[in-house]
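The values are calculated or read from the model by the stated rules, or taken from the named source; none is laboratory data. Quick caveat, the model's predicted, so the values are computed rather than measured. Note that each Cβ is placed from the backbone with ideal geometry, even for glycine, and that neighbours are counted across all protein chains shown.
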Amino acid sequence: MVWQASDSRAAFEQALKERGFWLARGDRCGFVAVDYRGEVYAVARYSGVKAKDVDAKLGDAGALASVEEVKSEIAAGITAKLQEFIKDVERDAARRALHIDFRKAEVVGRHRDERKAMTAAQQSRWQAETRSRAERLPKGFSGIWQRLTGRYAKAKAQNEREALDALHRDRAEKDALILAQIAERQALQREVQAQRQAAQQELLRLREDVAHYISPERQAPDHAPKRERERKREENKRQAERAQRQRRRRRFEP
């Protein structure tokens, strides 16, 4: 989206900066983007275009600062307060990822135990019912007499019907359990997806915040009172947005 919306290197560089990335000269490839953590992203790969198209739009990368120079610039602009803010956001993202892993492991383990318990219970019940049906069929002289009178055949037919009904019952119980587990896993997957999207949005916002706090325009002395008022308004807006995101995240916490 950023690549398509930018018609020049200046526009592309500004769009990257607004999203918390700095354009730099790569060691092996021409143009790369660097975030506040020092992570390097190849522009061609992450924009989904060919290297020659990047060169055609952005020109010569030789005039840009190197990756190491950009990293130094970013590090110089990050204050202790900003570092603590970054750590808070990253700790929150790590805690959310750990919670996701715990929930997935808990559901997988519980579902496995439920299926195992049902299988054991059905096998025990089947064995008890089989013994009960077998006791209906007389043995010895009584069995011979009932075969002659037809009562043995009726008891045998009843046993076969009950065995078939029991088989259908057990299959229905197992299907119901599997469907319930699938529904729970799907609900969990939606929750996981929502958490991941929230984490992604939080990190994107963090990059924007870092770029905002260490931007050269913000540190220039001209029109300081006006920019200070604008800065405070922007900071209040960002704090309100962060508070709203934190309230949304609490819905997913145990």
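Among ASP92, ASP101, which is the only one that is assigned by TED's automatic domain parsing to the domain that holds VAL192 and either touching a residue at least 60 places away in the same chain (Cβ under 8 Å) or on the phi > 0 side of the Ramachandran plot (or both)?
The unique qualifying residue is ASP92.
Taking the conditions exactly as written (closer than 30 Å to GLN200 by Cα, at pLDDT below 85 and in a helix (DSSP H, G or I)), does ARG95 satisfy them or not?
Taking the combined requirement at face value, the residue satisfies it.
Does ALA44 satisfy the condition of being farther than 28 Å from GLN201 by Cβ, surrounded by 14 or more Cβ atoms within 10 Å (Cβ to Cβ) and outside the structural domain of GLN200 (by TED's automatic domain parsing)? Full working, then the answer.
Working: farther than 28 Å from GLN201 by Cβ: no; surrounded by 14 or more Cβ atoms within 10 Å (Cβ to Cβ): yes; outside the structural domain of GLN200 (by TED's automatic domain parsing): yes.
It is false that ALA44 is farther than 28 Å from GLN201 by Cβ, surrounded by 14 or more Cβ atoms within 10 Å (Cβ to Cβ) and outside the structural domain of GLN200 (by TED's automatic domain parsing).
So, in the stretch 1-41, exactly how many residues are touching a Gly at 6+ places or on another chain (Cβ under 8 Å) and in a loop (DSSP other than H, G, I, E, B)?
Adding up the residues that qualify gives 2.
When you go through ALA198, ALA163, ALA211, ALA153 one by one, which is the residue that is assigned by TED's automatic domain parsing to the domain that holds ARG103 and at pLDDT 85 or above?
Answer to the selection: ALA163.
Collect the residues in the stretch 69-92 that are over 30 Å from ALA194 (Cβ atoms) and either part of a helix (DSSP H, G or I) or among the acidic types (Asp, Glu) (or both), keeping them in residue-number order.
If the condition is that a residue be over 30 Å from ALA194 (Cβ atoms) and either part of a helix (DSSP H, G or I) or among the acidic types (Asp, Glu) (or both), then GLU69, VAL70, LYS71, SER72, GLU73, ILE74, ALA75, ALA76, GLY77, ALA80, LYS81 are the ones that fit.
When you look at LYS50, is it over 30 Å from PHE85 (Cβ atoms), in the same structural domain as SER72 (by TED's automatic domain parsing) and surrounded by fewer than 16 Cβ atoms within 10 Å (Cβ to Cβ), yes or no?
yes
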